[in-house]
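> Quick one: the structure is below, and I'll ask about it shortly.
The values are calculated or read from the model by the stated rules, or taken from the named source; none is laboratory data. If you're wondering where the values come from, they're calculated on a predicted model, not measured in any experiment. Cβ placement follows ideal geometry from the backbone for every residue including glycine, while neighbour counts extend to all protein chains displayed. Heads up: the accessible areas ignore ligands, DNA and RNA and are worked out on the full protein's heavy atoms, side chains in. Shrake-Rupley method; radii C 1.70, N 1.55, O 1.52, S 1.80 Å.
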Amino acid sequence: MKIVEGTVVRAKAGRDENRLFAVTGITDSGYVYISDGDTRKLASPKKKNVKHLAVTKTVIELDGITDKRLKMNLRDLTVTERESEV
């Protein structure tokens, strides 16, 4: 699946393993910038290698979104995924 800005991804490696993030920027060298609104704010996203991310089918609209709203959206997705696994 192609990664676009707003795509929700799950970190597969590193200290952020198994956490959900939204892609906030894309570079042409195999890296993306990710934020979760909590530890990684929209103003200071983390640069992450695409190989270390699992892409989901969910896309969040990022136009005018705040850190608080992003954090709530990702939290709701996490709860929904856990309920569907049970």
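> How far apart, in nm, are the 7 Å Cα→Cβ label points at K2 and A54?
In this crude spin-label approximation the distance works out to 2.4 nm.
> For the chain, what is the relative contact order in percent, using Cα pairs closer than 8 Å and at least 6 residues apart in sequence? Mind dumping the intermediate values first?
On the way: 139 pairs, mean separation 25.5, N = 86.
Value for the chain: 30 percent.
> So how much slack lies between A43 and E61, counting 0.36 nm per residue of separation and subtracting their Cα-Cα distance, in nm?
Numbers: separation 18, 0.36 × 18 = 6.48 nm, distance 1.64 nm.
So the extension gain works out to 4.8 nm.
> For the chain, with every protein chain kept in place, what is the accessible area per residue (1.4 Å probe, Å²)?
I get 65 Å² per residue for the chain.
> If you don't mind, there's one more thing I want to ask. Treating cross-link reach as a plain straight distance, find the lysines whose alpha-carbon is under 20 Å from the alpha-carbon of K51, omitting any fewer than eight places away in the same chain.
Here the lysines satisfying the reach criterion relative to K51 are K2, K12.
> Right, another one. Can you give me the % of accessible surface on the range 2-86 that is carbon or sulfur? Probe 1.4 Å, all protein chains present, nothing else counted. The partial results should precede the final answer.
Details: 2590 of 5470 Å².
Result for the range 2-86: 47 percent of the exposed heavy-atom area is carbon or sulfur.
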